[in-house]
Amino acid sequence: MTEKAPALPDHDWPVFAPGLVWLIGAGPGDPGLMTLHGLNALRQADVIVYDALVDERLLDWRRPGAEVIYAGKRGGKPSPKQRDISLRLIELAGAGKRVLRLKGGDPFVFGRGGEEAQTLVQAGVPIRVTPGITAGIGGLAYAGIPATHRDVNQAVTFLTGHDQSGLAPSSIDWEAIAKGSPVIVMYMAIKHLAQITARLIAAGRQAGEPVAVVCRASLPDMSVLETTLGTAARDIEAAGLEPPAIICIGRVALMRQTLDWVGQLQGEPARNTDPLGTGRIADVS
Ligand code: SAH
């Protein structure tokens, strides 16, 4: 357990007060993507309540004897109700525990961290919040895709392909997004992708627009599918891809041809050093 835990550098780290709930983002998977605040909290917590997308290797870094509680979906069983998780956190904090609430990615990005934190504050429980690297940015980086690139986009939209009803979100103005956002990064979008891509194409996006689907980003079994808006849903099905996946729509996805650093570290050459066709040549003189 803790023998394996990395040491924290010298710094005036926050002390984890008993009765506090510390909401922390674990990052998209690779344990190295959690923050030092996260590690500091792990080393002090009495109990860690974690979600399905948290890499369990991180739990090895906890204080010996710290309790761990799994609060995600497993083996097809229904997930614990959000209300029950919040009540559990309130109860643990009320018992004077140092409660670490560890969530995948960033807790405030499509992770219900905002709702949980609100419930805690309403119950009078003190909280601390430490952000994490969200899959929609950090996960793409592991696929060699920058979320913004000066030659492609001055704006990026993050959206969820699901809403509370489990349907494609009805509140999204697809026309506005199709027109206003050169890059669209989608969480939880595999299920409704055929519908989503059809709406974007109907709103004027090109069927040939590049799309990358990044599954299990930053983990050793990460896989990346390069496809297009018109063929993405079919290709995902044909490849049997499963969540968790981040889907990136837009020409930044082409940058992977140059920046697939994970592949390059394994010996694959860059496929193209000017995938945007801008003629940009590094001037290093
Ligand atoms: N709070 C998280 C998102 C939670 S919603 C964050 O900030 O990243 C869950 C969705 O996040 C998944 O369905 C998937 O779309 C995305 N996701 C999380 N981890 C991922 C990973 N390692 N690879 C690809 N997608 C991931």
Can you pull out every residue in region 145-161 that is out of contact with any Cys (no Cβ under 9 Å at 6 or more places or on another chain) and within 14 Å of the ligand (Cβ to nearest atom)? 158, 159, 160, 161
Please go through region 196-224 and pick out each residue that is open to solvent by 30 Å² or more (accessible area, probe 1.4 Å), more than 24 Å from residue 153 (Cα to Cα) and out of contact with any strand residue (DSSP E or B) (no Cβ under 9 Å at 6 or more places or on another chain). 220
Return only the number of the condition from (1) more than 24 Å from the chain's Cα centre (by Cα); (2) closer than 21 Å to residue 187 by Cβ that residue 228 does not satisfy. (1)
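Report yes if residue 173 is without any contact (Cβ under 8 Å) to a residue 12 or more places away in the chain and within 16 Å of the ligand (Cβ to nearest atom), otherwise no.
Values: without any contact (Cβ under 8 Å) to a residue 12 or more places away in the chain: yes; within 16 Å of the ligand (Cβ to nearest atom): no.
In short, no.
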Which residues, taken from region 143-168, are assigned to a loop (DSSP other than H, G, I, E, B), of a type in the set (A, V, I, L, M) and open to solvent by less than 60 Å² (accessible area, probe 1.4 Å)? 143, 145, 147, 152, 155, 168
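Conditions tested, residue by residue: (1) open to solvent by less than 10 Å² (accessible area, probe 1.4 Å); (2) more than 9 Å from the ligand (Cβ to nearest atom).
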{"residue": "89", "(1), (2)": "yes, yes"}
{"residue": "95", "(1), (2)": "no, yes"}
{"residue": "108", "(1), (2)": "no, no"}
{"residue": "120", "(1), (2)": "yes, yes"}
{"residue": "123", "(1), (2)": "no, yes"}
{"residue": "126", "(1), (2)": "no, yes"}
{"residue": "136", "(1), (2)": "yes, no"}
{"residue": "141", "(1), (2)": "no, yes"}
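The values are calculated or read from the model by the stated rules, or taken from the named source; none is laboratory data. Computed from a predicted structure; not experimentally measured. Cβ: placed from backbone, ideal geometry, glycine included. Neighbour counts: every protein chain shown. Side chains included, ligands, DNA and RNA excluded: accessible areas come from the protein's heavy atoms. Shrake-Rupley method; radii C 1.70, N 1.55, O 1.52, S 1.80 Å.
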